1. Starting from the Cα coordinates of the range 20-137, work out the convex hull volume and express it per residue in Å³.
2. Report the local net charge at residue 86: Lys and Arg +1, Asp and Glu -1, summed over other residues whose C-beta lies under 14 Å from its C-beta.
3. Work out the count of Lys pairs in the range 20-137 where the Cα-Cα distance is under 27 Å, with the pair 8 or more places apart or on different chains.
Amino acid sequence: MKSDFHVPKTLQKEKAEPSIRVDAGNLLGLLFRAELMMNKVDRIRYSTRAINAIQDIIAEFSLAYDFEDDRLLHLKRLWGHTAVFLQITRTIGEQNAIRIQPKYETMTPDQMKLELLRLTSSLDEGVTKWKNSIVNQRNKGTTRADGRNGQPPEE
């Protein structure tokens, strides 16, 4: 595994480090806090699933980011996990699962929901931008950062 300081070759117009990792990490921390704002049934139904989904997003993003040769495979999985996470967070909002105010929590349940919504939309935007950059590169015939499209390097 490469370190956090590894900077892989990027595709054209691709940022050196997309905000996906930052947003997903912030969402994970926020979900841990939001879990305590749910009753036991909602924690089992929604919180556990949301935390597992965001962990899957973090894992697939890390693999796609660090391993250039398998990037497309991991990005496809990332897109799938993101779709699941978006649906789970949408359900959490629709069911009003976040509604308990712990004594020690500085955010109200409504503030927590708004912050989850903001970070989720930011994550979705980052994932969508990366997806669009990959799709655009595939349409141009290059799917690898070096532009080889699976061809051996020229000597």
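1. Details: hull volume 10.2 nm³, N = 118.
Here the figure is 87 Å³ per residue.
2. On the way: positive: 49, 90, 118, 131; negative: 23, 56, 94, 124, 125.
Counting the neighbours of residue 86, the net charge comes to -1.
3. On the way: 40/103; 40/113; 76/129; 76/131; 103/113; 113/129; 113/131.
Qualifying lysine pairs in the range 20-137: 7.
A short reminder: the numbers here are calculations on the coordinates, not readings from a lab. In this text the structure is predicted, and so the values were computed from the model without any measurement. Methodologically, a virtual Cβ is constructed for each residue, glycine included, from the backbone with ideal geometry; neighbour enumeration extends over all protein chains shown.
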